[in-house]
Each structure stands twice: as C-alpha cells, then as structure tokens.
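Participant: First, the structure itself, so that you have it in front of you.
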Amino acid sequence: MSMIALKPPMGWNSWNTFSGKISETLIKQTADYIVDNGYRDAGYTVVAIDDCWMAHERTPEGDLQPDKTKFPNGMKAVGDYLHSKGLLFGIYEDAGTMTCAGYPGSYGHERRDAQLFAEWGVDMLKYDFCYSAPGMEDRELYRRMGQALRETGRDIIFSGCWGNDGVWKWMRSCGAHMWRLTGDIADSWESIEKVGFGALGLEMYSGPCGWNDPDMLVVGLNGRGYVGEIGGGCNFEEYKSHFALWCMLSAPLLMGHDVRKTSSEIKALLQNKELIAINQDDAGIQAYRLPSTNDYITVLAKPLANGDIVFGLFNRQPVWTYMPVSWRCCGWELTDDISLTDVISGKDLGTFRAGNTFRVEGHSCLILRATRL
Ligand code: GLA
C-alpha cells in the first residue's frame, strides 16, 4: 500500500439521499452525471455505495454478495464502470456482526471481505461501527480490518466511522485515513452547526493521510431524501456556510444530494475552485479558532502552504452582524500590509493593517484569503 489520502477525499456517497434505495442504474447515472457536469474534474472522484447493497446472507463459501435485484451484474461490474469513467469505487461495511441496516457485518470475516473488495476493484471502504462484537474493543475491531486491507496490497482509502470514545485519538493508528467525529448529520442548520463547529479544537489530529470527518455533505438536499426528511432542509446561505466550513476544516468532501437534480447555484457552490483549493491545500492544516467575544460569531484561520492565511467569518446568529477579524495571533505583525480577497465572490477587498470589521448575513459567512504584501 502506498501513501494515500494525502488530501481530504472528495466524491459522492449514496446514503444521505437514497439510504437503501440504491441500484446499479442509480450508481451509473450518478457517475455519468458527475463526469458530464464537471464534478469529476473539480476533484469529486469517489462514487461510494453506502449501506444496503448486500444480500442478507453470505454465499455458502462465506463471501459477501450483492442484492441481485439492486446489482444484477455484481459489484465488480460497478467498479469496472466507475474506473472506465476515471472515477474511484467506494463501498460500505461494518466492524460488527451486522451493518447499521442489518446486513452481514465483517467481524470474523475481515480477511475474506478485504480480499473480495480488492478483487472487485474497491478504492475506498467506509467501515461502520453498529452491532460491535461483545467484549471487543472498538480499536481492536478497526485494527482487524486495517490490517486485512494492507495485506491485500491494494490502495484502499479506509474511512473509519465512530467508536466508543474519541476516535480521533486512535483511529489513525488502526490505518484509517479519515474518521467520523460525531453521529449522523441531518439536513438542518442546527445539525451542520453541531457537527461542523464540533470539529474545532481537534485540529491537532487531522492532516495528510488522516482526516477528521464531520460527516458527509447535505448541500443541496433541500429537505429531500433520507437525511433531508430528517432535517427538513436549509437555505442557500446555510449551505454556503456548511460547504465553506468543511473546506476550512480540511474535511473530506462527500456530496450527498441527488446530483442528477442540482440547481445551477448549488452546482457552482460545490465546484467553487477557490474553496476547493483551500480544502485541498498541500499543507493540510485544519482551521483553528481565533478568540472572539461570543460563541455565535466564530472566526477561523487556515494557514496555506504558500504562506497565505484564509479567514472564515461565520455568523451563527439568524440576523446580520458586524464581525471583527484580526491576524494578531496568526504569525503576522500588526504593521504588515495584508491584501484580502473575498473567496466566494472573487472580489479584491484592498489592503488592511492588523484587521478589520465586516458585515456578515445571518447563518452566512465571509471567506477571506489574505496575502502579506
Ligand atoms: C450509520 C452511519 C451513516 C450510514 C448508516 C448506514 O448511521 O453513520 O453514515 O452509513 O449507518 O446504515
């Protein structure tokens, strides 16, 4: 296995919209759309099938097998199709005796399952933690699959889920390339705020080859689909803040909406080159929080490999406010001349010293790329 996940993985996952309503047709249509509409070239290369792809029984030999009605040509055919389109193939399993939706888990079958995934051409495995085997430590279960994956010799991104406590402290040592910080995201501002800002303070654990994961994106769900119905939906400013926050956090960017039905506004947001470049920056530093007067105005700083610093001003209140930003604690002198660009509008805002104050709309954000002149 070589060094993989040097950058936060990007792609699409079936769960947030489709839960169990997945099929070969859906995956192929999604893959076609991702390629034909610029998502692949923007960096979204993984197409991941989440839970519910399996039959309820293993084969008599003990192999996992797909649900024949959903995937009549088997999983290798899906992988081959994705690879023929220049995409990567993601699949889902569970560290326990069953997946969260009740399909066969990998516990006790890790080597066989990892080998089968490698034969199918799997490039990313999301590994969940439901129905964990009694008496087994969470990390021991993840280590079993991490070991089995490395022994296949194939480069497979190992996406860990949750565990019994503090997965960020030990998941990297199990061989995982990313790990879920929280329970499931819902399509609501409250949920985005909870899981997204919940990642602050954990920046020391995230970096190249091992990323903090505040869960998949709900951008563009608009209250539709599985997680959409749970949360009820967000407005555009809220989706904008959600996406920008995930970029600031160096979080994996796994879209979760029905890409076949995307508005041009949402598509432009998800394909914003400058935001994606911040997420995928070579330094791989997760944003840290700057001191602020209250919790509802959160200012983040993300240092980039070329010496720029990106400031994220997040107004978590429902109404507009003025937000101060100062680069006093970021390594710059107060006398430095700093030029600021509004990343989302592309507007050059001019040159500033020490800091400034900006108006930010409710539940919205301002992402400022700062360069020392
Ligand atoms: C858990 C995970 C979700 C999804 C479902 C599938 O809840 O956290 O992301 O994979 O299982 O059953």
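FYI, it's all coordinate maths here, none of it is from the lab. Predicted, not measured: the structure shown is a model, and the values here were computed from it. Reconstructed Cβ throughout: ideal geometry from the backbone, glycine too, with neighbour counts over all protein chains shown.
Participant: Which value in nm describes the separation of the simple spin-label points at N235 and K28, placed 7 Å from the Cα toward the beta carbon?
Facilitator: 4.2 nm
Participant: If you don't mind, another one. In deg cm²/dmol, rounded to 500, what helix-only [θ] at 222 nm does the chain give when every DSSP H run of at least 4 residues adds -39500 (n - 2.57) and the total is split over its residues?
Facilitator: Details: 12 runs with 105 residues, N = 373.
It comes out at -8000 deg cm²/dmol, rounded to the nearest 500.
Participant: Given 0.36 nm per residue, what is the gain on full extension from S2 to K85 after removing their alpha carbon distance, in nm?
Facilitator: 27.6 nm
Participant: When the chain is modelled as a GNM with alpha-carbon springs shorter than 10 Å, which of L304, L221, L334 fluctuates the most?
Facilitator: L334
Participant: Output the relative contact order of the range 283-342, whole-number percent, from Cα pairs under 8 angstrom with separation of 6+ residues.
Facilitator: 23 percent
Participant: Just to check, using Stokes-Einstein with a Kirkwood Rh over alpha carbon pairs, what's the diffusion coefficient of the range 122-224 at 20 °C and 1.002 mPa s in µm²/s?
Facilitator: Using the Kirkwood radius from Cα pairs, D works out to 147 µm²/s.
Participant: Follow-up. Exactly which GluC sites (Glu not before Pro) in the range 132-186 are in a DSSP loop and have at most 13 other Cβ atoms within 10 Å?
Facilitator: E137
Participant: Given the C-alpha atoms of the chain, compute the convex hull and give its volume per residue in Å³.
Facilitator: 128 Å³
Participant: Convex hull over the alpha-carbon atoms of the range 285-349: what's its volume per residue in Å³?
Facilitator: 117 Å³
Participant: Only counting other Cβ atoms within 10 Å, I'd like W327, W320, W246, W170 sorted with the fewest neighbours first.
Facilitator: W320, W170, W327, W246
Participant: Something else about it: Residue-wise, which Karplus ³J(HN,Hα) couplings in Hz belong to the range 101-110, taking 6.51 cos²θ - 1.76 cosθ + 1.60, θ = phi - 60°, and x for glycine or proline?
Facilitator: 8, x, 8, x, x, 8, 4, x, 10, 4
Participant: If I take all pairs of Cα atoms in the range 124-170, what percentage of them are more than 14 Å from each other?
Facilitator: 49 percent
Participant: Follow-up. When the Karplus curve 6.51 cos²θ - 1.76 cosθ + 1.60 is applied with θ = phi - 60°, which whole-Hz ³J(HN,Hα) does each residue of the range 211-219 get, with x for Gly and Pro?
Facilitator: 10, 5, 10, x, 5, 6, 6, 10, 3
Participant: Given the C-alpha atoms of the range 142-282, compute the convex hull and give its volume per residue in Å³.
Facilitator: That works out to 125 Å³ per residue.
Participant: Next up: Binning at 10 angstrom from zero up to the longest distance, how are the C-alpha pair distances of the range 238-373 distributed in percent?
Facilitator: Percent of Cα pairs in each bin: 12, 44, 35, 8, 1, 0.
Participant: Oh, and also: Kirkwood hydrodynamic radius, computed over distinct alpha-carbon pairs, for the range 1-152: how many Å, to one decimal?
Facilitator: It works out to 15.8 Å.
Participant: Same structure, new question: If amide hydrogens are placed 1.01 Å from N in the peptide plane, which non-local residues have theirs closer than 5 Å to the one on N222?
Facilitator: Answer set, sorted by chain and number: C234.
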